[in-house]
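Structure record follows, encoded as structure tokens.
The values are calculated or read from the model by the stated rules, or taken from the named source; none is laboratory data. Note that the coordinates shown come from a computational prediction; the quantities given were computed from them, not determined experimentally. We place every Cβ from the backbone using ideal geometry, glycine too, and count neighbours over all the protein chains shown. Ligands, DNA and RNA are excluded from the accessible area calculation, which covers all protein heavy atoms including side chains. Shrake-Rupley method; radii C 1.70, N 1.55, O 1.52, S 1.80 Å.
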Amino acid sequence: MGSTQQGRALVLFSGGQDSTTCLAWALERFAYVETVGFDYGQRHRVEMTVRLETLRELRATFPQWRQRLGEDHVIDLAVLGKISDTALTREVSIAYEKSGLPNTFVPGRNLLFLTFAATVAYRRGLDVLVGGMCETDFSGYPDCRDVTMKAMQSALSLGLDRNLKIETPLMWIDKADTWALAHLLGGQSLTQLIIQHTHTCYNGVRDTLHVWGYGCGACPACLLRKAGFEKWATQ
Ligand code: ZN
């Protein structure tokens, strides 16, 4: 893509496979990119350390991206743990509730994240928000839907009186295609970086490295990541 990049973006970056792929996508596409993460008292602190390691590895491995990758912001959303009661912030096991939603669901979490991200973007002069929301593999989260993102884009643009675009490069692709997208963007260097450094497991397990990355191998996030990897690897 060379020097054709335009625009300034803020990537919602958790240190997982999806948001790392979104970050690579943004670094190929935009002239300047910053990242934002949310600390909401996740049960597994590993997420907050893994995201810094992943940023460091991206800078070290991809010099062409390093020059476009700016500041990282971490927003303390501990209040989210106080107003919600879910398996991600409390010591209970992952299960599916009567509504069909897994108990990892924090109601409206992405709406809050996008609102805080928009506030950071406004202050930093960034005009695009990039997130890993996805309808294809989603666990039923209504705040990941494309129609929700379109509505948020309108609400935020109106409320800030500034055109703010929400980009969701993973919206219509499955986990196998997310691996394929990472490979397209950064080759084997990027897929290996994602395997070795990103974290997706709901149970916070990082003691066993599988071909698809670290994780317990049994929670819904690990099962999706594993199945996606296997489908991609055999394509
Ligand atoms: Zn797991």
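General observations
- Site pair T208 and E53 shows an inter-label distance of 1.8 nm when each label is modelled 7 Å from Cα along Cα→Cβ.
- Electrostatic bookkeeping for W65 treats Lys and Arg as +1 and Asp and Glu as -1; over the other residues with beta carbon under 10 Å from its beta carbon, the sum is +2.
- Relative contact order (%) - the chain, alpha-carbon pairs under 8 angstrom, separation at least six: 21 percent
- Longest segment of the chain lacking GluC sites (Glu not before Pro) that sit in a DSSP loop with at most 16 other Cβ atoms within 10 Å: 98-235
- Aspartates and glutamates whose Cα lies under 12 Å from that of K165, excluding same-chain neighbours fewer than 8 positions away: D127
- Largest-first ordering by accessible area, 1.4 Å probe, given options V120, V211: V211, V120
- Its DSSP H runs of at least 4 residues, each contributing -39,500 (n - 2.57), put the calculated 222 nm mean residue ellipticity of the chain at -14500 deg cm²/dmol, to the nearest 500.
- Selection from L52, Y122, Y141 lying farthest towards where the dipole of the range 5-199 points positive, charges on Cβ: Y122
- Label-point gap, in nm, between V79 and A233 - each point 7 angstrom along Cα→Cβ: 4.4 nm
- Computed about its Cα centre, the charge dipole of the chain is approximately 220 debye, with only Lys, Arg, Asp and Glu carrying charge at their Cβ.
- A compact globular protein would have a Cα radius of gyration near 2.2 N^0.38 Å; the ratio found for the chain is 0.96.
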